[in-house]
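What follows is a set of notes on a single structure, which appears directly below.
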Amino acid sequence: MSLTKEAIELLTQVGIKPHEHIVELEDGTIWQVDNDGNVSQLMAQTAGTAKRALIVHTLTGLVDYIKSNRERKDKKMYLHIRDSEYVTLQGLLLEDGRREELLTAEARIPKFFFDSYYPSEDFLIGLNARFVDDYDRKQLIAFAGNVKEDNARQTSDDGFAQKTTVKRGISQAGEEIVPNPVTLAPYRTFTEVDQPESEFIFRMKEGPQFALFEADGGAWQNQAIFNIKTFLEKELEDEINSKRITILA
């Protein structure tokens, strides 16, 4: 909290200098002074609270911590599902109004850039490595793998659908409509839960280059949060029933 001009003058009068940085006054309050002479009060750390949160990268690690943490056995804790990638375990309410953070689970997610065009080989690698194996993914890989540069140049586009000539085998060739929309499940949340499916618009251009454009308005994020909550409720059933853990989503 920044102080008024009068308060800063008062602290200066009692001998606080910018180079001292941290000063504790006789009343027990602790103040910080930056190099420009700006003064702010530091809240005292409540005894028994964590100074910084631990970090894990799986929901399983989060569950294991809660179940094995005997120091917090009789203390209320909160699981806050912030979004599809972050879940924080929180404890006591501190003096400054912040809530103590004990542990953060951060999902490690392979990156695929939607709304961006990829060269054919990179696109196919991305589909294989960063999406759940399902029917639409197989169909898209089969289609994109058979489009050559000459075909892409001859692609027709009426603004709603694209058509291109695809050659299969040695002699068979025919005009095919680019599959749209496609329902896919990219890896976008923790691997312990089902990856949410959503619709994408598949587009192509010379190169050939391919792109996927999200078409569900971000609804998948709500589904991801629901999947995380369902997983945690199952794994922490005893802790929830004993009122030790509350899940906020």
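The values are calculated or read from the model by the stated rules, or taken from the named source; none is laboratory data. On a predicted model such as this, the values are computed, not experimentally measured, just so you know. Here Cβ is always computed from backbone atoms with ideal geometry, including for glycine, and neighbour counts include all displayed protein chains. Ligands, DNA and RNA are excluded from the accessible area calculation, which covers all protein heavy atoms including side chains. Shrake-Rupley method; radii C 1.70, N 1.55, O 1.52, S 1.80 Å.
The requirement of being at pLDDT 90 or above, open to solvent by 30 Å² or more (accessible area, probe 1.4 Å) and in a loop (DSSP other than H, G, I, E, B) is fulfilled somewhere in the range 165-188, by at least one residue. Does any residue of the range 133-155 turn out to be of a type outside the set (S, T, N, Q), modelled with pLDDT of 90 or more and in a loop (DSSP other than H, G, I, E, B)? Yes - at least one qualifying residue is present in the range 133-155.
If you go through the range 214-235 and keep only what is at pLDDT 95 or above and among the hydrophobic types (A, V, I, L, M, F, W, C), you end up with Trp220, Ala224, Ile225, Phe226, Ile228, Phe231, Leu232. Here Asn227 clears all of (1) in contact (Cβ under 8 Å) with a residue 40 or more places away in the chain; (2) touching an Asp or Glu at 6+ places or on another chain (Cβ under 6 Å); (3) open to solvent by less than 40 Å² (accessible area, probe 1.4 Å) except the condition numbered (1). Restricting the range 113-131 to residues that are under 13 Å from Pro186 (Cα atoms) and in a loop (DSSP other than H, G, I, E, B), the residue that is least open to solvent (accessible area, probe 1.4 Å) is Phe114. When residues in the range 121-148 are screened for being among the hydroxyl-bearing types (Ser, Thr, Tyr) and in contact with a strand residue (DSSP E or B) (Cβ under 6 Å, 6 or more places away or on another chain), 0 of them pass.
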